[in-house]
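Read through the structure below, which is laid out as structure tokens, and then see the notes.
The values are calculated or read from the model by the stated rules, or taken from the named source; none is laboratory data. In this text, all values refer to a predicted model and were calculated from it rather than measured experimentally. Backbone-built Cβ (ideal geometry, glycine too); neighbour counts: all protein chains shown.
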Amino acid sequence: MKLSLLGLMALLVTISVAPAQAGTMPPQNVIEFSPGPDTSGEWSYNGAGVLSFDHDIFVDTAWGSNYDALTGARVYLPSFQVGGIPDAPYTLTPLGNEVLTIKSADNSVTYMTGTIGGGNLATFGTVAGGFTEFQVDITDVFVSHEGAALGSTALYMLESLGLPSLDFELSLQGGSGPGYYSFAHMLDGGFVGSGGFSGAMSVPEPTTIALLAMGGLVVARRRRT
């Protein structure tokens, strides 16, 4: 039984580092979407507490590569209600639909879904960094049959590791314009604003995965004895 346990742990380590080159750490950000000028992707604030995103959001890299089969897929983010008070972290709460979806570029096939929760929004001058200082998870991660068949390393690894959640980070740029001078001033004063953003979904750190796997193996061993 000891040999079997060690063998499984070795397999886990192999899976964790397989996509990386020898001597390097595996990519932390499994799926990144950082729209450039050519791919649009903007946030907008209506001045009355609602932060929303257009749907021209595309995956830039997946598992550290812009050649992954998931690159070019379309990311859909829900709108958020902005709460909180000045001089304190703002809060973001999904409005209505809480599901983050990744679909094909033509919007015909769903590759992955996940439920996104609420969290804190920290602002820094004219830049707002959301879901970064206070980590938020995407739960109920589900890779569809079409996603599994896509040939994406990122989706394959997510399905293979069976992760129940992903870490989600979102950074908003902009938020300064006529009538206000910063993102926080825009929120506090009820001004309308817009700008670009970047986001990423990443797996928990490898040690966390290893500990979770070890716990599961121990439970399995106890059930067999």
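Quick notes on this one:
- Restricting segment 76-103 to residues that are in a loop (DSSP other than H, G, I, E, B) and at pLDDT 90 or above, the residue that is farthest from the chain's Cα centre (by Cα) is LEU95.
- When each of ALA122, ALA62, ALA73 is tested for being over 15 Å from SER52 (Cβ atoms) and surrounded by fewer than 19 Cβ atoms within 10 Å (Cβ to Cβ), the lone residue that passes is ALA122.
- Segment 47-59, residues that are surrounded by fewer than 22 Cβ atoms within 10 Å (Cβ to Cβ) and assigned to a loop (DSSP other than H, G, I, E, B): GLY47, ALA48, GLY49, ASP54, HIS55, ASP56
- Test: residue in segment 185-195 that is of a type in the set (S, T, N, Q) and in a strand (DSSP E or B): yes
- Positions within segment 135-158 being closer than 17 Å to PRO94 by Cβ and among the acidic types (Asp, Glu), in sequence order: ASP137, ASP140
- Among the residues of segment 180-212, the one identified as more than 21 Å from GLY114 (Cβ to Cβ), touching a helix residue (DSSP H, G or I) at 6+ places or on another chain (Cβ under 8 Å) and at pLDDT below 85 is ALA210.
- Yes/no for TYR90 being in contact (Cβ under 8 Å) with a residue 24 or more places away in the chain, in contact with a strand residue (DSSP E or B) (Cβ under 6 Å, 6 or more places away or on another chain) and closer than 19 Å to GLU42 by Cα: no
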